[in-house]
Structure formats: C-alpha cells, structure tokens
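The values are calculated or read from the model by the stated rules, or taken from the named source; none is laboratory data. Since the model is a prediction, treat every value here as computed from it, not as a measurement. Cβ placement follows ideal geometry from the backbone for every residue including glycine, while neighbour counts extend to all protein chains displayed. Surface accessibility is based on the protein's heavy atoms, side chains included, excluding ligands, DNA and RNA. Shrake-Rupley method; radii C 1.70, N 1.55, O 1.52, S 1.80 Å.
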Amino acid sequence: MTTKIKKLITHDGSFHTDDVLAAAALSIYLEQQDENFEIIRTRDAEMIKSGDYVFDVGGIYDAELNKFDHHQKDGAGKRENGLAYSSFGLVWHKFGKAVAGNEPAAIRLEQKLVMPVDAIDNGIDLSVNNFPDILAYTLENVLAIFAPTALEGLEKDQQFLKALVWAKEILQREIKKANDQIQITKIIQSFYAKAADKRLIVIDAPKVSRHEIWEALQDFAEPLFIVYGDKEDWSVVAMRKEKNSFGNRKNFPATWAALRASELRNLTKVADAIFCHNNLFLSVAKSKEGAVKLAQIAIES
C-alpha cells in the first residue's frame, strides 16, 4: 500500500519569516502525525490547487481546506487586539495547540513568537528605536541570511530549505521552553504561596533563572526581591515594574552600584556579599543567608 505524500505549497522566489515559520509549524505537525510530505515552492495555479496545505500563496484563506493565504484584498482577518494575521499566524491558529502539545504552551508561543512575526510581516513596528542609526537584529534578520545576494548563484529553493532547518529548530526549542516554563512557573509560585513576607520570595530550587522568575511572578503585585541560587552561588534579583521592562519595582540602594567583594561587605555588613550590578537589579552572595540579608536591607532602605 502506497502512502500518499502530502503537498505543502508556498510561493517561490524570495522567502520571508512568516512563510518559513509556517512551513516549520506544518512540518512539525505532519511529523507528529507520521505523515510523509514534500514542500513545493511555486506560483503555478494548477499546482497550487493540488496542494494539501497551501500557505502564503493562492489568495484564499479557508482553514477547513488548509489554505492559509493573507494577501487577498481584505486580508485574512484580525485578532481581538486588532493585529492582522500572516500565513504563520493562520497556520498557528489552526494547528498551534497540536504543534505545541497543549493550549497554554500554544498561547505562550502565540504571544512570544507568532504575533511578533505577523506584526512585522504586516508592516507594524513593535518597538521604539532610541538609536536611529542602529537597527535591532531580529529573527527576520537571522532567517534572511539564507536569502541569496545579487552576487551569488545560489538557488532560492535550496536556501529556503536551509532556513527551514533553522526555523524548525527555533520553533521546537521555543515549544520545549514554553512547556517547561509552565512547570517551572508552578514550582516558583509554590514558594510565593508559602512566603510569610510576600515582598521577599526565597526560591530554594536549583537552576531557575531570573527570567523564569520574572515570568512566573510578574502578575503578583507584592514581590520586590527574589532570592534564588544553588550551593555557593546565591543571587537576589529585583522584580521588574512591567513585563519586558528594564525598570525595577524597587532598586537596591544607589550606594551599592557596581560594588564588589570587600567594598560591598563593608557597606552592607553582609560577610559573604560578592557583587551588586551597576543598574541595581541584581546582587550576589555566597550563601542563601547572605542573599536574604541583602534583600532585607534593600527592602527596608
């Protein structure tokens, strides 16, 4: 019995982040289903009609028929927040939960990766550039390195496939991290739940990072400082004012800025204090007790 090879069809010529990631998401989905498939890049109308999955080409959005284009006159709809879909967003809207493994992880990926890609593809700038002579290096730039220059004789279809390898790896890692973060959030929030003073949370679980801490506790208003670490490396991190913000709810004392070793120890009277970051969001001590003491001083300052 011959197994049908599913056809994934997108446009030929230049490629962009949305069609590369749409191909990555569909590839992962079909691999999960143990389906055989091939990716065809074309603008031939008859070939497009034969596709089992058609994205970023064809002028039709019909999720039931697995047609995911957004270039037609009226586009392919918008989210509740007003952001229009690109082909990646349309594919994710239907298959994201299956690809990510569950709805919470799919929602995390939608916010972190899918919507930013859709925004850029629809010409929406998500950031304010404080340095006009410097451009941010984005995921779009990463995948664009595979596009041939005018001086190269490289085949665009082959370069698309190279970009796809990277895109799949990125998407799979983001899925893994999203699912892990769900579990890590539960662990971190369990320490919040049992903390007597919600301004200071001590996380006695090894290897968590400050970014995981911020993610887990951002929606709780009370935490000011979080102590975390392992063995002889304990840190205190200030909670951010807002998600994706560099501002702190409360800084470490200004006099601690950039102090190290004996300087910080003499000032704080914490015998194993090691360092305070110049931006006053991070301090380090050798022991949990030392880190807690630094946090307590900062809270009361």
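Miscellaneous remarks
- The figure for His71 is an accessible area of roughly 110 square angstrom, using a 1.4 Å probe on the protein chains alone.
- Among the trypsin sites (Lys or Arg not before Pro) found in region 5-77, those both in a DSSP coil and sparsely packed, with 14 or fewer other Cβ atoms within 10 Å of their Cβ, are Arg43, Lys73.
- Projected label distance in nm at Lys243 and Asp133, using a 7 Å step from Cα toward the beta-carbon: 3.6 nm
- Counting only protein heavy atoms and using a 1.4 Å probe, the accessible area of Leu161 comes to about 70 Å².
- From largest to smallest, the equivalent ellipsoid semi-axes obtained for region 43-188 from the alpha-carbon gyration tensor read 26, 22, 18 Å.
- The accessible surface of the chain, taken with every protein chain in place and a 1.4 Å probe, is 52 percent carbon and sulfur.
- Secondary-structure-derived ellipticity at 222 nm for the chain, considering helices only, amounts to -13000 deg cm²/dmol, per-run term -39500 (n - 2.57) for DSSP H runs with n ≥ 4.
- Leu161/Gln111 FRET efficiency (R0 35 Å; Cβ-Cβ; nearest 0.05): 0.80
- Amide N proximity, region 238-260 versus Ser301 label position 7 Å along Cα-to-Cβ, cut-off under 18 Å: 238-241, 247-260
- Structural descriptor for region 1-136: relative contact order 23 percent, calculated from alpha carbon pairs under 8 angstrom and at least 6 residues apart.
- Order by protection proxy (mean Cβ within 10 Å, highest first), peptides 148-156, 286-294, 194-202: 286-294, 194-202, 148-156
- Where Arg260, Arg265 fall by accessible area, highest first, once all protein chains stay in place (1.4 Å): Arg260, Arg265
- Normalising the average separation of contacting C-alpha pairs (under 8 angstrom, six or more residues apart) by the number of residues puts the relative contact order of the chain at 12 percent.
- Part-to-part distance (alpha-carbon centres) for region 182-255 and region 89-110, which is given in Å: 28 Å
- The chain: most fluctuating residue of Asp233, Asp62, Asp74 per GNM, C-alpha cutoff 10 Å: Asp74
- Longest exposed-site-free window of the chain, the sites being chymotrypsin sites (Phe, Trp or Tyr not before Pro) in a DSSP loop that have at most 11 other C-beta atoms within 10 Å: 1-136
- Rounded if a/c under 1.5, otherwise prolate or oblate - region 1-69, Cα gyration tensor axes: prolate
- For the peptides 139-145, 22-28, the ranking by mean Cβ contacts within 10 Å, running from highest to lowest, is 22-28, 139-145.
- Cross-link partners of Lys250 among lysines (Cα-Cα below 28 Å; sequence separation of 8 or more within a chain): Lys112, Lys186, Lys194, Lys198, Lys207, Lys231, Lys241, Lys269, Lys286, Lys288, Lys293
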